[in-house]
Every structure is written in structure tokens, then in C-alpha cells.
Amino acid sequence: MISKEHSKHTKLVRPAFGTFNRNEWAIVGGPCTVIKLLAGQVINALSADYKCAYVDTAHNDDITLLPGRLTNGAAFEYTDQINYRQLNYTTEFNSFKLRDTFAAADLVLANGNHHQCKAQIVIISENKKASLQKRVDQLTNVQLILLADNTVEVFDFIKEAIPNWQQLPIYQIDAIERIISFFKGQLQQAKPVVNGLVLAGGKSRRMGFDKGAVNWHGKEQRYYMADLLKSFCKEVFISCRADQQKEIDSNYLSLPDTFTDLGPYGAILSAFREKPDSAWLVIACDLPLMDENALQYLVNNRNASSVATAYKSPQNEFPEPLITIWEPKSYPLLLSFLAQGYSCPRKVLINSDVTLLNSENTEALTNVNTPEELERIKRLLHQKIAAE
């Protein structure tokens, strides 16, 4: 017997995606050649600092045959074209597949004559007036109006469809520098805020007692690290196991693991599950020599276009995953690695597009896992205090 009761799914915080990406604009209202040219100029200007993508539909009527081995029935075909890689599919892409495909992009521009995005750039062109009028219902979030060479004012039906049109920037379509400045401004505004995550949910088996509770600097280390992060983050959370949460001082925000038994990997995923559009400055609690200078250098050199910004380990040249700023675009990547059976954050960084920094003070990256290491760092700290 099938129950008629409706069982609700767990309510999750969804990333602020559109059709393809968080930051996407459909350019609509001009001839396709004009849209391609404009998109090319913008991408050319921004590609040094941002990962840009373009979406269009092929217009040639003679493109009717499947390429390569798709003609033999292959579902997809990957080709290394030396200067670029090409992956052809026969399957349709729904919005879920598109978002996954474009997850690494910072900016997506689309030919709005064929594709819809959550924001739009409208070209006012006499040659495409009728075509634009057919698409007026798609103009849900117009952010820029461009006047083509043959047009001097905004169409009346656009004024009716966009009540705030006079508050929008209106440029000539050949004012490319102003258009590029517009996109730069939008991307700066869209730069994810940074939240802090102090990893204090480990079981400290090698140490024999809770590393987060060690008093190195006049307070428990988990609170000391949380206080250290406050100058660099919008909010700071102490990551913990669910059974630890009641132990956390109520003056500090805590975030229990919802991806359990995965160590730091689960803590990072739990943070993104809570706030998927934020970047996370993740730091282990067992770094007694960490200081403001090391954090400031990391924040100052953050590259939001990368998956993450991390320090390079002085021991082995690998990224240090537990003193890293993880960008929102790393969330689906972390889930993808987990689906393939990997729960090592360092492996994700090694095999992804990350920005690696050389530490100005390698001592700050020293972590403590055993009683012997603890005693050594205690002596070092006493020596520093005595020298001051």
C-alpha cells in the first residue's frame, strides 16, 4: 500500500544560480552578429582576471549531422584539440547539467535571442524592434540598456516593461570602455563575502585530549582562533561535532557537522551547505603560531576566480587545505570528489585550479598533533615571550 502522506524533503539553502551561473547576462535585442562581437570584446577585456563563458546557438542550417563518433551511436565524445578540449554530447542539457558545467565560470554571457538568463542587457535597435517586442516577457531583470547606431531613444514598449528604465545605465553600443566598466563593477559587487570556519570537531586521538581546548594564548584555542578571524570575516563559526555543540561558548557561533565522519572535509561541506554563496576562510584550531599577518597576507592575495587560495606547505610544496579560502565554486567540486570516493581536501586542491601562496612566515603554518609537538611549541612560545 502506498502512503498518501506527503513526506517533505530536507529544506536546503540553494545557491543563487540562474540558468547557467550566479553571474549571467543575456544580451538581447540586437542582431546575433552584433551580440557575438560585443560579447567577444567584453570577454577579451575581462579574461585576464575572470573566467568568462559564452552561450549561443548555432545558426547555420547546414549543421545537421552529428560530429565524430556520435554518428556511430556514442553518447559523448572527448577530443584533445591541443590548444583546447572539446566534449560533444547527444543528450539534452537541462538547467541542473548546465549549472554543473558552468560552475567554474565567473561570468556567463549569452545570446539572449536564443537563451534566457537571470539578468539581461537590452540592445535598442530599429532593425530588431519587432524581435525584441516578442521577447519583452523575458526582460525580468534588465541591468543595462545599449543604444545601437540607428537608434536615439528607448522604445515605448521597453519603457512600459521596465518601470525603472530611467535609473538604468544607458550607453551607446560602441561605448565599449563604459560597458566593460559596467561588468567589472558588477563582478566586484558579486564577489562573495568571506566567512570564517575554525575546525574544532576532531577527536584528537594522537594528542589524547581536545586540541581545541588547549590554552596557548590566555583562552581556549578554538576561541582564540575565532577571535583572530573576526577582523577578516563577515561571520565566524566554530565547526564541531553535533555532540560537542552544547560545549561551545554561547558567545560564539557554532556550526555542527551535517556531513558526518568525514573530518575536515565534512566540516567544509557543512559550511557550504549552510551558506553556499559565501567563501569560507577555513582554519584548523591546532595552529598555535598563526597570527594576523599570515591571515592578512592570505586575504590580501585572495583570488576569487580560483577554486581556492591556499598557502603552499613548506614541507612538501603541496597546498595547506586547512588554512585556505575556499570559494563558493568549490562546493560542487568537493561534492564531485566525494562522489568519486575521495574525502581529502588537499587532493581537491592539488587537482583543481587554485592560487598558491608562499608564506612569509612558515612558522605560522605549524600544527600540533602530539604531546611531544605540544611541548616543543610551548617552549618556543615561552622563548618568544621572554625575548619581548
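Couple of notes before you dig in:
- Taking the criterion of being of a type outside the set (Gly, Ala, Ser), out of contact with any Phe, Trp or Tyr (no Cβ under 6 Å at 6 or more places or on another chain) and open to solvent by 10 Å² or more (accessible area, probe 1.4 Å), the residues of region 113-135 that qualify are Asn113, His114, His115, Gln116, Lys118, Glu126, Asn127, Lys128, Lys129, Lys134, Arg135.
- Pairs with Cβ under 6 Å, 6+ apart, first in region 225-248 and polar (S, T, N, Q), second part of a helix (DSSP H, G or I): Ser239/Ala267
- Taking region 44-76 as the range and being among the aliphatic types (A, V, I, L, M), under 12 Å from Thr90 (Cβ atoms) and modelled with pLDDT of 90 or more as the test, the residues that pass are Leu70, Ala74, Ala75.
- Within region 270-293, the set of residues being assigned to a helix (DSSP H, G or I) and within 25 Å of Asp49 (Cβ to Cβ) comprises just one member, Phe272.
- Residue match in region 296-304 (condition: in contact (Cβ under 8 Å) with a residue 24 or more places away in the chain, of a type outside the set (A, V, I, L, M), out of contact with any Ser or Thr (no Cβ under 8 Å at 6 or more places or on another chain) and under 21 Å from Ala103 (Cβ atoms)): no
Results for (1) assigned to a strand (DSSP E or B); (2) under 15 Å from Val198 (Cβ atoms); (3) out of contact with any His (no Cβ under 6 Å at 6 or more places or on another chain), shown as yes or no for each residue.
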| site | (1), (2), (3) |
| --- | --- |
| Ser239 | yes, yes, yes |
| Pro264 | no, yes, yes |
| Ile268 | no, yes, yes |
| Tyr297 | no, no, yes |
| Tyr311 | yes, no, yes |
| Gln315 | no, no, yes |
| Tyr331 | no, no, yes |
| Ser336 | no, no, yes |
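Condition check ((1) aliphatic (A, V, I, L, M); (2) open to solvent by 50 Å² or more (accessible area, probe 1.4 Å); (3) farther than 21 Å from Leu295 by Cβ) across all residues:
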{"site": "Asn215", "(1), (2), (3)": "no, yes, no"}
{"site": "Glu220", "(1), (2), (3)": "no, yes, no"}
{"site": "Ile238", "(1), (2), (3)": "yes, no, no"}
{"site": "Asp249", "(1), (2), (3)": "no, yes, yes"}
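- Taken residue by residue, region 303-316 has no member that is open to solvent by less than 30 Å² (accessible area, probe 1.4 Å) and among the charged types (D, E, K, R).
- Selection of region 317-332 for residues being modelled with pLDDT of 95 or more and open to solvent by 30 Å² or more (accessible area, probe 1.4 Å) yields Tyr331, Pro332.
- Any chance Asn23 is over 30 Å from Asn351 (Cα atoms) and either surrounded by fewer than 15 Cβ atoms within 10 Å (Cβ to Cβ) or within 27 Å of the chain's Cα centre (by Cα) (or both): no
- Residue match in region 162-183 (condition: open to solvent by less than 20 Å² (accessible area, probe 1.4 Å) and within 30 Å of Ala267 (Cα to Cα)): no
- The C-beta contact set for region 322-334 (first residue within 19 Å of Val236 (Cβ to Cβ) and among the aromatic types (Phe, Trp, Tyr), second residue assigned to a strand (DSSP E or B) and at pLDDT 95 or above, distance under 9 angstrom, 6+ apart or interchain) comprises Trp326/Leu197; Trp326/Ala279; Trp326/Trp280; Trp326/Leu281; Trp326/Val282; Trp326/Ala308; Trp326/Thr309; Trp326/Ala310.
- Looking across region 267-295 at every residue that is open to solvent by 10 Å² or more (accessible area, probe 1.4 Å) and closer than 18 Å to Ala103 by Cα, the one that is farthest from the chain's Cα centre (by Cα) is identified as Arg273.
- Region 40-79, subset β-branched (Val, Ile, Thr) and open to solvent by less than 70 Å² (accessible area, probe 1.4 Å), residue nearest to Cys117 (Cα to Cα): Val55
- Tallying residues that are within 18 Å of Pro15 (Cβ to Cβ) and among the hydrophobic types (A, V, I, L, M, F, W, C) within region 304-336 yields 8.
The values are calculated or read from the model by the stated rules, or taken from the named source; none is laboratory data. None of these values were measured; they are calculated from a predicted model. So basically every Cβ, Gly included, is an ideal-geometry build from the backbone, and we count neighbours across all protein chains shown. These accessible areas exclude ligands, DNA and RNA; they are computed on the full protein's heavy atoms, side chains included. Shrake-Rupley method; radii C 1.70, N 1.55, O 1.52, S 1.80 Å.
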